[in-house]
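Student: Let me give you the structure first, and then I'll get to my questions.
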Amino acid sequence: MGQHEVNVGARVRSRDGKKLGVIKQLMVHPGTYRVDGFVLGKGILAEEKIVPADLVTATDGSGLVLGIDKANVAELPTVIHEQLLRSSGPLYDTGNHWVLRGPSGGQLPNTGAESFYMQAPIGTVSTQNVSNLSGDHVMISEGTDVFGSDGEKVGHVDEIFVEDRKISGILVRAGRLLRHDVRIPRSMIAGMSHLRIRLNVTADEAERLSKQDE
């Protein structure tokens, strides 16, 4: 597979040509920069789905094409983001039991009833985040912040370049420290997390080296 751009927010279509939604986040292994999948966003009222990279059969200027029909998308795993809460206090006391925080207690499998935690309880509170996204991956989104080696914010991710299922570079949108959009090769990336991408060069160095490449 040659190098191609993966725009977070790009449209995703099924094998039978149906519109499925858009790429919301890329699932990237931080050690190898391998893209192992993405989160398919379908709007605020629809469930987000986890799509393995193996299902992508084609890419073009309009987005990605999956090797499954629209009817099979429902079988993909649904993204779970919830917070469990355990409390002991004068108003709410759950004892040793964890309950879902918020008014929608049935969103996790086998939870059954709704939670009564509409507001933060008073007293000793423990929380536990629950997600079925792999802890071995970082989630890169459009707008993920990019910082230089001097700790200064360079800008944010606008496009991601992928070659042979590995990130080969990113396009950073011009911000306070950049006069124009800058393409950052993977060799300039020192590390990444859910919140930011860290470079091994400063913003000025990244801009100068990008001009040389052009």
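Student: Once you put a point 7 Å from the Cα of GLU152 and another 7 Å from the Cα of GLU75, both along the Cβ direction, what distance in nm separates them?
Tutor: Going from the GLU152 label point to the GLU75 one covers 5.3 nm.
Student: Pop out the ³J(HN,Hα) list for segment 147-153 in order, Karplus 6.51 cos²θ - 1.76 cosθ + 1.60 with θ = phi - 60°, rounded to Hz; leave Gly and Pro as x.
Tutor: Taking θ as phi minus 60°, the curve returns 10, x, 5, 8, x, 7, 6 Hz for segment 147-153.
Student: Given a cut-off of 19 Å, name the pairs among LYS24/LYS49; LYS70/LYS166; LYS18/LYS42; LYS24/LYS153; LYS42/LYS153 whose C-alpha atoms lie farther apart than that in the structure shown.
Tutor: Going by Cα-Cα distance, LYS70/LYS166; LYS24/LYS153; LYS42/LYS153 fall outside the 19 Å limit.
Every number in this text was worked out from the coordinates using simple rules, so none of it is lab data. Every value quoted in this text rests on a predicted model; they were computed, and no experiment measured them. Here the Cβ is made from the backbone with ideal geometry for all residues, glycine too, and neighbour counts use every protein chain on show.
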